[in-house]
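Written out below as structure tokens is the structure these notes cover.
The values are calculated or read from the model by the stated rules, or taken from the named source; none is laboratory data. These numbers come from a predicted model, not from an experiment. Note: ideal-geometry Cβ built from the backbone for every residue, glycine included; neighbour counts use all protein chains shown.
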Amino acid sequence: MNHDQAFWLPYTANRAFWKAPRVITGARGHYYTTDDGRQLLDGFSGLWTSGLGHCHPRIVAAVQAQVGTLDYGMGFQVSNDRAIALAAEVATMAPAGLERVFFTNSGSESADTALKIALAYHRARGEGQRTRLIGRERGYHGVNFGGMSVGGIPGNRKVFSAALLPGVDHIRHTYSPADMAYSRGQPVWGAQLAEDLERLVALHDASNIAALIVEPVSGSTGILVPPIGYLQRLREICDKYGILLIFDEVITAFGRVGAPFAAARFGVTPDIITTAKGLTNGVIPMGAVIVREQVYQALMQGPEHAVELFHGYTYSGHPVAAAAGLATFEVYREEDSFARARALEPVFEEAIHALKGEPHVVDIRNFGLMGGIELAPRAGAPGERGFEVFLKCFEAGVVIRNGGDILQFSPFLDSTPDELGRIFDTVRTALRSVA
Ligand code: PMP
């Protein structure tokens, strides 16, 4: 068999893809180059990953230097200088109280690591019966068994239903078009939905519940922005019952919401934060789980020679990834990237909401530099219209993303108003041309 099409693409309509492959061969700054030599404006910052732009010279140089200095270092019982330095940077940037950093290689691994730390924490404190995990409808926490189970995307779950973790519940998502369509930033309606957590406590008893995991702003399922007061209320309920609160900040950390973390932007500090993507500007795969000091200390028990947490990856704290992370953090600081993103937010908000009234558009949502345009699904073919708009934009030289019929936007932290204008003009034209 000819193996030209051996690559099985993730989260992709493979049969359609191979009929007309879209192949990128290079990138610089805010643009991709395709295999047929076209320049595409990236309206998605990679896949929420690359807020500083592609092939940032500082990060490229750091990776090149590191790979010739220490390419890999055994990570169990031994560490490397780059990982130690990056952990210090991450802990310094994290909200006060979150002082320890466990490295992973992806957002999915960060989610599963956080859930396992939550279980280990309760057990170490003599509350080993606290095993129930709570997620949220329309939540996305990656594709591994833990994250899939606490996640709330039917498409990700249905084929694997029998293998989902037992003892998992979901609170409702906070999206209600009737109450919040076209709201800008945080909706005023919906904080009362946090009371779902109280109901689960009443149902199961708090003594059985380990943790609640939520994305502060749901990304993959179409930019569901938390109602004002909602996250605060979740924090209060978790505190009341000793439930660990985990924020999945794989998308929202490192400037995406104009702050180092959504936790900082919303003024709500969880017990654990999961990250990936912007940790290295997407250059090398890496994630980090940032943990409250008390959680870490609860696990530091037993004889000193004994391993405290039986968990880790061959590539945890990989020196080349960590070098990319250190360079990324330097650039964040020097370019004042998070403040720039914050300053760009009103421009982005105006630009995206200008599409109100265009064909098929039923809602527009934004927070930080995250945006979603929801389209009415085509009768009998959900997702088809969104995919067609994505394709038309791609042909017109702009990369966006469609999650079903929700168009998604994630500009660079230093995108220009002109670039935003071009992205949304392209989308407008596409919307007017699809049936
Ligand atoms: N959590 C969230 C909130 C995400 O958005 C993602 C990926 N977009 C993940 C987890 C999974 O990350 P990865 O694809 O790196 O495993």
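Details
- Scanning region 64-89 for residues that are surrounded by fewer than 18 Cβ atoms within 10 Å (Cβ to Cβ) and in a helix (DSSP H, G or I) yields GLN64, ALA65, VAL67, ASP81, ILE84, ALA85, ALA88.
- Hey, ALA262 touching a Ser or Thr at 6+ places or on another chain (Cβ under 7 Å) and crowded, with 24+ Cβ neighbours inside 10 Å or not: yes
Results for (1) within 16 Å of the ligand (Cβ to nearest atom); (2) at pLDDT below 95; (3) over 19 Å from ASP169 (Cα atoms), shown as yes or no for each residue.
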| site | (1), (2), (3) |
| --- | --- |
| ARG100 | no, no, yes |
| LEU119 | no, no, no |
| GLY126 | no, no, yes |
| GLU137 | yes, no, no |
| GLY142 | yes, no, no |
| VAL150 | yes, no, no |
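- Verdict on VAL257 being in a loop (DSSP other than H, G, I, E, B), in contact with a Lys or Arg (Cβ under 7 Å, 6 or more places away or on another chain), within 16 Å of the ligand (Cβ to nearest atom) and at negative phi: yes
- Of the candidates VAL188, VAL201, the single residue that is surrounded by fewer than 24 Cβ atoms within 10 Å (Cβ to Cβ), out of contact with any helix residue (DSSP H, G or I) (no Cβ under 6 Å at 6 or more places or on another chain) and touching a residue at least 40 places away in the same chain (Cβ under 8 Å) is VAL188.
- Boolean, ARG340 is surrounded by 16 or more Cβ atoms within 10 Å (Cβ to Cβ) and among the charged types (D, E, K, R): yes
- THR131 fulfils the conditions (1) in contact with a strand residue (DSSP E or B) (Cβ under 7 Å, 6 or more places away or on another chain); (2) within 16 Å of the ligand (Cβ to nearest atom); (3) among the polar types (S, T, N, Q) except for a single criterion, (2).
- Taking the listed residues GLU330, GLU304, GLU334, GLU308, the one that is without any contact (Cβ under 8 Å) to a residue 24 or more places away in the chain, surrounded by fewer than 22 Cβ atoms within 10 Å (Cβ to Cβ) and under 29 Å from ARG28 (Cβ atoms) is GLU334, with no other qualifying.
- The condition of being in contact with a helix residue (DSSP H, G or I) (Cβ under 7 Å, 6 or more places away or on another chain), touching a residue at least 24 places away in the same chain (Cβ under 8 Å) and part of a helix (DSSP H, G or I) does not hold for ALA210.
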